[in-house]
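Novice: Below you will find the structure I want to go over with you.
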Amino acid sequence: MTATTVEYAPDVAPPRRASPGDSFRARMTRRLPLLPALTFTVVVTQLPFLYTIYISLVGWDRDHPELGKKFVGLKNFRAVFADDSLRSAVLVTVELTAFVVVVAVLIGLGLALLLDRRFFGRGLARTLLIAPFLIMPMAAALLWKHAFYNAQFGLINGIINGVRGWFGNHTPTAWSILTDHPLIAVALPLIWQWTPFMMLILLAGLQSQSGEVLEAARVDGASNWQIFRSITLPHLRQYIELSVLLGSIYILQAFDAIYTITRGISNTTNLPFAIFETQVDSGDYGLTSAEGVIVVIGTIIVATFALRLLSSLFKEGTR
Amino acid sequence: MTNAAVVRLGGVRRRRPRFNAGSTGLTLLAWVMALLFFFPIVWMILLSFRSESDAATPRLFAAFTGVNYDGLFSGDVKIAILNSLNASITSTVLVLLLAVPAAYALSIKPVKKWTDVLFFFLSTKMMPAVAALLPIYLITNDLGMNDNIWALILVYTAANLPIAIWMLRSFLLEVPREIIEAAQVDGANLVTILRRVITPIIAPGLAATALICFIFSWNEFLFALRLTGQNAKTAPVFLAGSIAPEGLFLAHLCAVAFVVCLPVLIAGWAAQDKLVRGLSLGAVK
């Protein structure tokens, strides 16, 4: 048999359990290829977490090594919960993630619908549209901050001042997105970069629609809007859920944009940046570790639900 | 590459409606949006070919100069790019070496509780990376691996392994089982099956997985910032450090940014029809 034979295996592996008849040796052979990856992942991702728990329970201050490491119990955890700044960082994280994901999905959906038609140069338009996603996040953040936002030589204020000039007002505007809307300033490059991602997933969803169903609906006299509402949108639901979920996983971790654009000032500190700051600036390793442990536990709780959703998505989504 | 994408996209679509104003409007809108999204990149490239004083006053046209690209392929930039290449390529190779057998054990010959294992890998991806920053920083210090590119390589390998396993698994599920069974009947062992039978079939998927891992490693900033110093500094860290505290720097910054973005732009465009599958961890094809 050659590789060209088109005979697709089922998409989801059958839950083939090792039958009782399987020998120990057979089971071990089956497991063997998995072990290197599993061991590596456990060592690199789980051991550091145990170390974090240990540090969180001993007081460890980088700048006061003379204090040494001694068991302090839950003192660091109490300090984290007593601190308002971490609560506000959680809020900023949720706000930023929700804002970026919602806007990116909406624009992404619009772009996917636009690209799901045949028109002149569609391949090139798609190529241009995915480019922002391929830009290094650090480069994107620097580009937006200095080439677009800067009050003196940035393009945004340049355009505003140019328009004011036409109306005879030659004093440069005092408005700057960095001081007036810092969280939006952080969000814009993220939206710019993640909209293509949403667009790609939703476009794949649109193109997996059955052409016959759409044709039949059209023959029956359904309007474009009716077709979108009753056929396309229900079909897209799982793709929208998937894009929201994956987008959230990545944007919850946003760091580069905040580090570069605002450095966390004027209430733009999200969780990753807050933990980074405690660690690098204050040097209170015990406190940072307690923050890390709390965030990981919080993530486990959220992720348990997310994974349940994801596993149902993957069951339906693999097609 | 673009042609292939067009052909694929244009394959099984509905009939084109007769010419009408609405359709032209939509085409126009699509093009306006495409140009709007691409504009910041055009702006970056335009600024990179201007003198610093021209770049400091925003306007569409200005005198062309290549001065910002002088010396960009030597010295510190070169070191940073070589470090980035080293970290990205080495970690990608390690990821594939670990992920191919693991994906095999999770798809073709699934071990017991394979879904649990699969979701364990994925859950490590959901954990906030910043929580691992301190312990990994301290451990690398203890091991004397501060400012050593290998610390980054290991971190990137662990970070990309879940993505690669999920992605490769979706490609492996498409390998016809009869081929593998035939090879087994012929007495081939696991290594032979992986190397001689499976790898050639999933080569396109393997390439796509490698590209995704490469892109993520190339762009990573947080760990690179914390774990590297002068020697092992990677491109994003160099870029972040290339803004001058005073004076004009925008044109130079845009030139550096463009140069360090170029490898991923090219790689991503080349793989664009596989990008969706990789980014959705194989859930969407």
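The values are calculated or read from the model by the stated rules, or taken from the named source; none is laboratory data. Please read these numbers as outputs of a predicted model, since none were measured by experiment. Every residue, glycine as well, gets a Cβ built from its backbone with ideal geometry; the counts of neighbours run over all protein chains shown.
Novice: For the range A:287-310, name all the residues that are buried (at least 20 other Cβ atoms within 10 Å of the Cβ) and either more than 9 Å from chain B (Cβ to nearest Cβ) or out of contact with any Ser or Thr (no Cβ under 7 Å at 6 or more places or on another chain) (or both).
Specialist: Correct list: A:Leu287, A:Ala290, A:Ile294, A:Val295, A:Leu310.
Novice: Looking at the range B:202-215 only, could you name the residues that are more than 10 Å from chain A (Cβ to nearest Cβ), in a helix (DSSP H, G or I) and of a type outside the set (Gly, Ala, Ser)?
Specialist: Listed by number, the residues that qualify are B:Pro204, B:Leu206, B:Thr209, B:Leu211, B:Ile212, B:Cys213, B:Phe214.
Novice: Can you list residue pairs whose Cβ atoms sit under 6 Å apart, with the first residue in the range A:129-155 being at the interface with chain B (Cβ under 7 Å from one of its Cβ atoms) and the second being among the aromatic types (Phe, Trp, Tyr) and assigned to a loop (DSSP other than H, G, I, E, B)? Count only pairs 6 or more apart in sequence or on different chains.
Specialist: Going by the 6 Å Cβ cut-off, the qualifying pairs are A:Met138/B:Phe221.
Novice: Could you look through the range B:36-45, keep only residues that are more than 7 Å from chain A (Cβ to nearest Cβ) and free of Cβ contacts under 8 Å to residues at least 40 places away in the same chain, and pick out the one that is surrounded by the most Cβ atoms within 10 Å (Cβ to Cβ)? Let's see the steps before the verdict.
Specialist: The first filter runs over the range B:36-45 and keeps only residues more than 7 Å from chain A (Cβ to nearest Cβ), leaving B:36, B:39, B:42, B:45.
From the residues that got through so far, the ones that are free of Cβ contacts under 8 Å to residues at least 40 places away in the same chain too are B:36, B:39, B:42.
On the way: B:Leu36: 12, B:Phe39: 15, B:Val42: 12.
The residue in question is B:Phe39.
Novice: Sticking with this structure for a sec: Return the residues of the range B:95-123 that are under 30 Å from A:Val302 (Cβ atoms), among the aliphatic types (A, V, I, L, M) and in a helix (DSSP H, G or I); say none if nothing qualifies. Step through it out loud before you land on a result.
Specialist: At the first step, the residues of the range B:95-123 found to be under 30 Å from A:Val302 (Cβ atoms) are B:95, B:98-99, B:102-103, B:105-107, B:110-123.
So of that shortlist, the ones also among the aliphatic types (A, V, I, L, M) come out as B:95, B:98-99, B:102-103, B:105-106, B:111, B:117-118, B:122.
Within the range B:95-123, B:Val95, B:Leu98, B:Ala99, B:Ala102, B:Ala103, B:Ala105, B:Val117, B:Leu118, B:Leu122 qualify.
Novice: So, one more: Looking for whichever is closer than 21 Å to B:Ser170 by Cβ and of a type outside the set (Asp, Glu) here; the options are A:Ser282, A:Ser208, A:Ser266. Which one fits? Full working, then the answer.
Specialist: Details: A:Ser282 fails: closer than 21 Å to B:Ser170 by Cβ; A:Ser266 fails: closer than 21 Å to B:Ser170 by Cβ.
A:Ser208 is the lone residue from the list that is closer than 21 Å to B:Ser170 by Cβ and of a type outside the set (Asp, Glu).
Novice: Hey, another quick one. Might you let me know whether the range B:147-160 holds any residue that is more than 7 Å from chain A (Cβ to nearest Cβ), out of contact with any helix residue (DSSP H, G or I) (no Cβ under 9 Å at 6 or more places or on another chain) and assigned to a helix (DSSP H, G or I)?
Specialist: Scanning the range B:147-160 turns up no residue that is more than 7 Å from chain A (Cβ to nearest Cβ), out of contact with any helix residue (DSSP H, G or I) (no Cβ under 9 Å at 6 or more places or on another chain) and assigned to a helix (DSSP H, G or I).
Novice: Restricting attention to the range B:171-187, does a residue exist that is closer than 22 Å to B:Ile89 by Cα, crowded, with 16+ Cβ neighbours inside 10 Å and either more than 9 Å from chain A (Cβ to nearest Cβ) or of a type outside the set (Phe, Trp, Tyr) (or both)?
Specialist: For the range B:171-187, residues closer than 22 Å to B:Ile89 by Cα, crowded, with 16+ Cβ neighbours inside 10 Å and either more than 9 Å from chain A (Cβ to nearest Cβ) or of a type outside the set (Phe, Trp, Tyr) (or both): present.
Novice: Before we move on, is A:Arg17 on the phi < 0 side of the Ramachandran plot, loosely packed, with under 13 Cβ neighbours inside 10 Å and at pLDDT 85 or above? Working first, answer last.
Specialist: Values: on the phi < 0 side of the Ramachandran plot: yes; loosely packed, with under 13 Cβ neighbours inside 10 Å: yes; at pLDDT 85 or above: no.
In short, no.
Novice: Still on this structure, I have one more. Of the residues A:Phe81, A:Phe40, which is assigned to a helix (DSSP H, G or I), more than 29 Å from B:Phe121 (Cβ to Cβ) and of a type in the set (Phe, Trp, Tyr)?
Specialist: Criteria check complete, one pass: A:Phe81.
Novice: For B:Ala80, work out the one condition from (1) surrounded by fewer than 23 Cβ atoms within 10 Å (Cβ to Cβ); (2) in the same structural domain as B:Ala255 (by TED's automatic domain parsing); (3) in contact with a helix residue (DSSP H, G or I) (Cβ under 7 Å, 6 or more places away or on another chain) it doesn't fulfil.
Specialist: B:Ala80 satisfies all of (1) surrounded by fewer than 23 Cβ atoms within 10 Å (Cβ to Cβ); (2) in the same structural domain as B:Ala255 (by TED's automatic domain parsing); (3) in contact with a helix residue (DSSP H, G or I) (Cβ under 7 Å, 6 or more places away or on another chain) except (1).
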